[in-house]
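The values are calculated or read from the model by the stated rules, or taken from the named source; none is laboratory data. This structure is a prediction, so every number in the text was calculated from the model and none was measured. Here the Cβ positions follow ideal geometry from the backbone for every residue, glycine too, while neighbour counts run over all protein chains shown. Each accessible area value is taken on the protein alone, full model and side chains, heavy atoms only, with ligands, DNA and RNA left out. Shrake-Rupley method; radii C 1.70, N 1.55, O 1.52, S 1.80 Å.
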Amino acid sequence: QVQLVESGGGLVQAGGSLRLSCAASGRTFSSYAMGWFRQAPGKEREFVAAITRSGSTTYYADFVKGRFTISRDNAKNTAYLQMNSLNPEDTADYYCAATGVFYGLSLAPRYDYWGQGTQVTVSS
């Protein structure tokens, strides 16, 4: 079992930045690829970014490329999502997730463990 706890969400003005953190406990963090997903009100959950177990490879949804950066610190059992140039369309609950597989990281069903989410609100 892996327990995931997100933090760092909040209210920010358009153009601003936030850094989300995902703290993991339980089994070996470095054994899992990590992903970030988001869900806006009335919309389906969508992929945002993912990072492989070593952190050597990252993947992004097209709508966040160049604005968001995913990273991880295996020594601290934590994954991060740095979000810059935020706009109101980025308003959503953001979830981190962990998976033992190394392919299809943009697909939510690949993930075995999920955090409870952290809310991000971007005002115009």
Number of positions in region 18-32 that are touching a strand residue (DSSP E or B) at 6+ places or on another chain (Cβ under 6 Å) and either outside any strand (DSSP E or B) or open to solvent by less than 20 Å² (accessible area, probe 1.4 Å) (or both): 5
Residues satisfying the stated conditions in region 108-124, i.e. surrounded by 14 or more Cβ atoms within 10 Å (Cβ to Cβ) and outside any strand (DSSP E or B): Ala108, Arg110, Tyr111, Gly115, Gly117
Some residue of region 39-57 being surrounded by fewer than 15 Cβ atoms within 10 Å (Cβ to Cβ), among the β-branched types (Val, Ile, Thr) and part of a loop (DSSP other than H, G, I, E, B): yes
Yes/no for Gly35 being open to solvent by less than 50 Å² (accessible area, probe 1.4 Å) and modelled with pLDDT of 95 or more: yes
Sole exception among (1) over 14 Å from the mean Cα position of the chain (by Cα); (2) within 18 Å of Gln13 (Cβ to Cβ); (3) open to solvent by 70 Å² or more (accessible area, probe 1.4 Å) for Asn87, by number: (3)
Some residue of region 99-109 being at pLDDT 95 or above and within 21 Å of Gly8 (Cα to Cα): no
Odd one out for Tyr60, checked against (1) open to solvent by less than 20 Å² (accessible area, probe 1.4 Å); (2) at pLDDT 95 or above; (3) under 12 Å from the mean Cα position of the chain (by Cα): (1)
Filter pass, Asn74 being at pLDDT 95 or above, farther than 29 Å from Gln13 by Cα and open to solvent by 20 Å² or more (accessible area, probe 1.4 Å): yes
